[in-house]
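The values are calculated or read from the model by the stated rules, or taken from the named source; none is laboratory data. Nothing here was measured: the structure is a model prediction, and the numbers come from that model. Here the Cβ positions follow ideal geometry from the backbone for every residue, glycine too, while neighbour counts run over all protein chains shown. When the accessible area is computed, the model is the full protein with side chains, heavy atoms only, and any ligands, DNA or RNA have been set aside. Shrake-Rupley method; radii C 1.70, N 1.55, O 1.52, S 1.80 Å.
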Amino acid sequence: MRGNSDGILGGRNGSETRRIKVRQKWLKGREKWLVVLGLVLHAVYMLSIFDIYFKTPIVHGTEPVIPRFIPPAKRLVLLVADGLRADKFFEPDSDGNYRAPFLRSVIKERGRWGVSHARPPTESRPGHVAIIAGFYEDPSAVTKGWKANPVEFDSVFNRSHHTIAYGSPDIVPIFCGALPHSTWKSYPHEYEDFATDASFLDEWSFDQLASILNRSKEDPKLKQLLQQEKLVIFLHLLGCDSNGHAHRPYSSIYLNNVKVVDHIAERVYNLLQSYFKDNLTAYVFTADHGMSDKGSHGDGHPTNTDTPLVAWGAGVRHPVPVTTSDHSNHAVRFVDEHMHDMPTPSEWGLDGIERLDVNQADIAPLMSTLIGLPCPVNSVGNLPLGYLNLDKVGEVEAVLANTRQILEQFLRKSQLKQSKSLYFKPFKPLANYPLVLDEIEHLITVRDYESAIRLSEHLRSLALDGLHYFQTYDWLMLMAIITLGYIGWMIYILLHVLQSYTTLPGKFSGKEQVVNLRKHNRKVYFAGCFLLCLGCTLLLLEHSPLLYHAYAAMTIFLWTQIFSEYQFIRALWSDISRREPHYFVKLVAACIISVLILEILVNSFTDRKLYTWCFLIVGMVAAAYLIRLIPWKSAVPFFIWLACWFLSIFTLMPAQIPDNTRLVVASGIIIMIIGGVGRYLDLHAGRSKYWLSLLAHDKDKTRFPMLFQLQMFLVGLASVMVPLSTSHRTEKQELLALHQIINWSIAGFSMALPLFSPTGVLSRLTSIYLGFAPAFLLLSIGYEALFYSALALALAAWILFENAYIYISRGNISSTSTKAMEDNNILKQDERCLQLSDMRIALTFMVFFNIAFFGTGNFASIASFEISSVYRFITVFSPFLMAALLIFKLLIPFMLVICVFSSITKLIRLPLLGCYFLVILCSDVMTIHFFFLVRNTGSWMEIGNSISHFGIMSAQVVFVLMLFAVTNVYTKDIEARSSSPQLSRKTM
C-alpha cells in the first residue's frame, strides 16, 4: 500500500521513475513536433488564399469572334486624361465659365456623353487595362507587381492593324512594348517632376502625334501606314494625375490642366480632320480614374471612380434630348455600386441632354465595334449600344458579336474545367446556349431586331454569370478543406493541452484501455492512409496544382491524429456529461465569452477605437471586482482603473504619428518617475500581502548595487540626446558622428543591463522596462513614446490583478487537483495544472499583444510608420538597416508584453508552453475569421490589408514563439514567492 502513496508523500521506485522520464521525454518530443507542425501548417494554409481569391480570370486559347457588320469608322483616336475627375471636368469655374468648352460643344452638337464608372482599385494600370482590354485587373497580379505584365492579355491595340501611342513610360510600354504592329514613344521618368506644372507632359504627347503626321508627308511608307484601316491612335495625358498628386484637384494648376486637356482634344480633332479629310475617324475621350481632395486615388470613393466619357465622330450618335421615358434599369448597379440614371448635377448644365453612363470595361467593346475589330478575347464589357450610330442589322450584329466573345470565354473555361474534372458540374443556365443562338439567328432572319437584341443581351448576362461560376468553381472545396484543417489543428492543440496540462489524464488512465487503444489506432491510421491516397489520387487525376495535395494531406493527417485519441475524447465526453449542470453552463459561457473577445479583436484591425472602449470597460469592471474583495487602502483597484483608462487614450490617436520632440522628452521623464516608483515599492512594500509575491528575494545580495541608478541615468541621457540629435540634423541636414555613437551605445548597453538585476518579479520587470526605454525613446518621434509608459502601467495593472486574484481564490485547489499535479509527468516543479479560469490569461495576453500592434500606428500597414523614426541612428539611406531599426522599434512593446506574460505564468504557477498553446488556439480562431475576410476587389490598400491581417494572425504561431525565445533571456531567472503553500510542490 505504501507504494501507492509514495507519489505524494515519499519517493518513487526505480521503474516508476524511469517510466516517468521516458514519458517526459516523449511529451517534450511531441511538443517540438507540434510546434514544427504548426509552422508548416500555417505556412501552407497561408498560400491557399492565392489559389482561392487570386486566380487569374484570363483564359488562354479563346478564339476571337469576327464581327459581321461593316464598321462605321476607319480609325480610332483614344484620349485618356489620367486622373481627371468627372465633376472638375463638367462643372464651371468660379467665373461661371466651363473648363472644357470644346468637348462641351461636342456633347451638345455632335457626340454622346456620360460618366464612366471605374472599379476599385482606381489606379492607372488597372484603369487602362479596363479601358483598352475590357476586363478588370488580374487579381493574381497582386503577388507579382503592377508595373510589369504578370499575365499576357489581349487588347484593342493587339487586334488593330497598327497602333500609334505616346505618353507615360508607366502606361504606354504595358500595351505596346511587345506589340510588333505599333509605333510608340514615352518620355523619360525624369520628366515626371511633382515640383513643376505637369501639363507640359500632355503637350509632349500631342507634339509627338503632330510630328509623325508631318513626317508622313515626306515618307510614303509612313503615309501608307497611317492611311490603312483599323488604325488606333492613343494619347496618354498624365498632367492631371501628376498635378493632382502634387497640388490637389482643387488647385489652380490642376483646374488649368483640365483646360489644357480640352485644348489638346480640340487640336487633335482639327489636326486629324484636316489630315485625313474623310470623316471616318472616331474619337473617345475618357479618364482612367479620378482624384480625391487629398490628391490621392485607389479606393472606391466617387471622386476616384467617376470619370468623364465623351465620344464623337464616325459611327457615334448625335446628342439626344432627355425625355421622361428614357430612365430605365433602376435595379442595375455599376461596378462602383452606383445606380443607373444617377441625377446629373444642375451645375453641369447638361440636364437636357441624354446621359449614358457605362462601366469602364464597356469602353473596349465600344472602341472595337467602331472600327470593326473583334472584342478583346478576355473582355467582360457590355457594348453600350446607345453610343453607336448603326442601322438595325448592324446593332444586332454588334451586340451579338459582343455576346459571342464573352460566350467563347465561358465555353473555353468550361472546356478546360471539364477536361480536368472527374465529376464535372456544368453551369446549368447555359446548358441550352446553342438553341438560344439559333433563336437569335432566326429572329435576325425574320427581322425582329428588337427581340434579337434583348435575347442577345440576356445570353451575354448569363455568360458573365457563367464566367464567375467557373472563376469560383473550386472555392467551396478549397475553403472547406482549409477550414476543416484549421478546426482540426485547434482540436488537436486542445487535446494536447487537456492531456498534458490538466487533471484529466489522471482520471482517465487505465491499463485495460491500452490494448483496445492500440487496435483502434491501427484502424484509424489505416483509414487515414486510405483517405490520403484516395484524395491525392483524385487530385492527380484532375491535374490539380501541387498545393491542393498539400492542403488535403494536412487536413486528413490532422483529423487522423484527432480520431486516434478516440478513447480520450470518449472519456472526456463521459466526464462532462456526469458533471453538474452548472459546470456545463460555465463551460459554454467561457467559450462564448472567449469567442466574443476574439471577435472584438478581429474588428479592431479595422477600427482601433474598439480598444478604447475595451479598456474603459475593463478598467471599471476589474476595479469594481477587486474593491468588493480586497481593502480599498491597498490602492490596487484604483491603480488598475487609472492604468486602463490611460492606455485607452492611445487608440484614439491618429495612425500617422505627428512629430513632437518635446513630448518624447516629457515621456522620458515619465519613464524615470515610473521606474522610481517601481524601485520604491520593491524596497518598501513588503509589509503588504498583496505585494509580497512580487518583491525581490535577496535585496542584500544584489550583484550591482548601482544598477538602478545607471539605468535611470541612461534613460535621462537618451531623453537629452533626442532633442540634440533632432535639432542638429534639422539645421545641418547631417547627424553628427558623436551623436550617432552615443545613441547606438546607449541603446545597446541599456538592453543588456536587465540581465544583472535582482530576480524578483517587480525588480526584474522594472529593470526590463528601463532597459528598453532608451532605445524606444531614441526611435520615437511623437506620442508613441508616451504609449510605452501607458502600456507598461496597464501591464503592471494586469500583474497586480492576478496577484490579488491568487489571494481571493486560494484554497480552491482540491486534493484531486493536487494529486493530478503530482501525477502529471510534463509539469515542472512549482507548476500547477491548467483550469478553465486560466483561459483569461491567454485572452488577456491576446488583447495586450494586439494593442501593441496598433497602439503606435497600424502594424498591418507599414506605410503608417515614419521612416524619420530612425534618423537619430542613421540618416544615410540604407533600406535594410532602416527597416531593421523600424521593426525593432515595433517589437519592443511586444517584448514587454511577453516578459510580463512569462512573469505572470511564474507568479500563478502556470506551465508557459501550455499557455503558449492556448494563445495559438485563440489566434487561430481569429485566423479563420480573417481567412473569410480576404478581399480580391477594392483598392490595392484594401486588398493588401486583408492579406496582411490574415498573414499576421497566421504568423503568430512562429512570431510569438520567437519572441518567447528572445524574452526568455530576461525572464528565465525570475522567481516569484509562493503566495499560497498549496501552489508549491516543494512545500508539499
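Using DSSP to define loop residues, name the chymotrypsin sites (Phe, Trp or Tyr not before Pro) in segment 193-281 whose beta-carbon has at most 15 other beta-carbon atoms within 10 Å.
Here the sparse-neighbourhood loop sites are PHE194, TYR250.
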| request: Please go through the residue pairs LYS586/LYS906; LYS74/LYS221; LYS217/LYS277; LYS55/LYS413; LYS74/LYS108; LYS55/LYS417 and name each one whose alpha carbons sit more than 20 Å apart in this structure. | output: LYS586/LYS906; LYS74/LYS108
| Label-to-label distance, nm, for residues given as ALA752 and ARG522 (7 Å Cα→Cβ offset) | 6.1
| remark: Semi-axes a, b, c in Å (a largest) for segment 637-688, each sqrt of 5 times a Cα gyration tensor eigenvalue, come to 28, 17, 5
| remark: In this structure, the FRET efficiency calculated for GLN418 and LYS32 from their beta-carbon separation, with R0 = 45 Å, to the nearest 0.05, is 0.45
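In segment 380-476, which chymotrypsin sites (Phe, Trp or Tyr not before Pro) are in a loop and have at most 11 other Cβ atoms within 10 Å, using DSSP for the loop call?
Working: sites: TYR387, PHE410, TYR423, PHE424, PHE427, TYR449, TYR469, PHE470, TYR473, TRP475; in loops: TYR423, PHE424, PHE427, TYR473.
Here the chymotrypsin sites (Phe, Trp or Tyr not before Pro) that fit, given the DSSP loop and packing criteria, are TYR423.
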| said: Counting other C-beta atoms within 10 Å, and keeping those with at most 13, which DSSP coil trypsin sites (Lys or Arg not before Pro) do you find in segment 414-507? | reply: ARG447
| Nitroxide proxy distance, nm - points 7 Å out along Cα→Cβ at ALA589 and ASP293 | 5.0
| field | Solvent-accessible area per residue, Å², over segment 538-615 with all protein chains present [probe radius 1.4 Å] | value | 58
| note | Here FRET efficiency (C-beta to C-beta, TYR191 to SER94, R₀ 45 Å, nearest 0.05) is 0.90
| request: In whole Hz, with x marking every Gly and Pro, tabulate ³J(HN,Hα) for segment 287-298 from phi via Karplus 6.51 cos²θ - 1.76 cosθ + 1.60, θ = phi - 60°. | output: 9, 7, 6, x, 7, 6, 4, 7, x, 9, 7, x
| request: Leaving out ligands and nucleic acids, note down the accessible area per residue over segment 19-137 with a 1.4 angstrom probe, in whole Å². | output: 37
| request: Could you compute the FRET efficiency for LEU435 and GLU975, with r as their C-beta to C-beta distance and R0 at 60 Å, rounded to 0.05? | output: 0.10
| said: Can you list residues from other chains, or at least 5 along the same chain, whose modelled amide H is less than 5 Å from the amide H of SER116? | reply: THR307, LEU309, VAL358
| note | Rounded to one decimal in nm, the spacing of the 7 Å Cα→Cβ label points at ASP219 and LEU642 is 8.1
| Residue by residue through segment 81-92, which ³J(HN,Hα) values in whole Hz follow from phi under the Karplus form 6.51 cos²θ - 1.76 cosθ + 1.60 (θ = phi - 60°), with glycine and proline marked x? | 8, 4, x, 8, 6, 5, 5, 5, 7, 8, 7, x
